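What follows is one structure encoded as structure tokens, with my remarks underneath.
Since every read-out is calculated from the coordinates, none of them should be taken as a lab result. What you see is a predicted model, and the numbers here were worked out from it, not measured in a lab. Because the Cβ atoms are built from the backbone with ideal geometry, glycine has one as well, and the counts that use them run over all protein chains shown.
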């Protein structure tokens, strides 16, 4: 079938809305008519050449919509099902079989390889294959092929157009708090970065009944939003030493710190802000791959500190997305407060809005 999609022609180039050809679903795939797709910084990182993906190609990995066709081996989904689409995993490696798909041994090739496991694309233009299968979906389009394994069936009450970010950014932030760090009631938490991942982490910290939640964010509007969403303190990093500002709030140090910035100096100051047996979670990939921080300065062995890298919030999407939706239904996880909707045709305007801090999370609607 012919569909419309946002195509990246070359590294650094704009998204171009174009007509492309989409194959029928493979035996383990479903065809989803996209209702909304979140625009993630990972999409932009690929666009700018910071992460690998074959171009020309179609990105998008926070899709949601309605199943309109299913492959011959699909038995858990049917036409008409409302779904969210998340990251892809192999189902066979030791981590997948332990229920830890975010640490799939084949994560990079499954999500960034640009093709199905058999090497085919599923999307072409003028007879030429395009880079596709991004995170098992390539959903910056009117329709997307996804795999039964990375599709999550939604309850009728779910806001279909808005739930796509639960498949990556929102589940990453929330999962970091609820799964990876397993924040305890009455604890103190500092979150560096008030974007969609950081504010999703804040929502989760509120759910976990943290005693003090501190959000570090340079944009005043996002600090205001963080306060509205339950942050007990907000910090402007331009106001002085980050460590000193945090220690004024928590003199003995914080129990948990979460970094979404990938800035070496921020990570160092978060480490300096931890109390005894504190834990630091690292979510972002440094823009400078040679960046280093001196762990020895903070004596983690003496303080019992933990430094942990986190992928996708240690989430199993088929379990965690329904959990987040149940909290949303109860009014305890208002992730929709983070979202601005824009037409898919305005995708380059959406990139600019994110770059300038004018939006926290953009969901594009075909």
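For residue 65, are the conditions met, namely being assigned to a loop (DSSP other than H, G, I, E, B) and either out of contact with any helix residue (DSSP H, G or I) (no Cβ under 8 Å at 6 or more places or on another chain) or surrounded by fewer than 21 Cβ atoms within 10 Å (Cβ to Cβ) (or both)?
No; evaluated as a whole, the condition is false for this residue.
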### Summary
Expected single match for in contact (Cβ under 8 Å) with a residue 60 or more places away in the chain, crowded, with 16+ Cβ neighbours inside 10 Å and part of a helix (DSSP H, G or I) among 35, 102, 84 is 102
### Answer residue from segment 237-259, given it is touching a strand residue (DSSP E or B) at 6+ places or on another chain (Cβ under 7 Å) and in a loop (DSSP other than H, G, I, E, B) and is nearest to residue 278 (Cα to Cα) among those
253
### Task
Identify the residue in segment 150-165 that is outside any loop (DSSP other than H, G, I, E, B) and within 18 Å of the chain's Cα centre (by Cα) and, among all such residues, is nearest to residue 42 (Cα to Cα).
165
### Message
What's the total number of residues in segment 197-218 that are out of contact with any helix residue (DSSP H, G or I) (no Cβ under 9 Å at 6 or more places or on another chain) and not in a helix (DSSP H, G or I)?
### Response
2
### Message
With the structure loaded, tell me whether residue 234 is in contact with a helix residue (DSSP H, G or I) (Cβ under 8 Å, 6 or more places away or on another chain) and not in a helix (DSSP H, G or I) or whether it fails that test.
### Response
yes
## Note on the structure
Within segment 185-218, residues being closer than 17 Å to residue 279 by Cβ and surrounded by fewer than 24 Cβ atoms within 10 Å (Cβ to Cβ) number 6
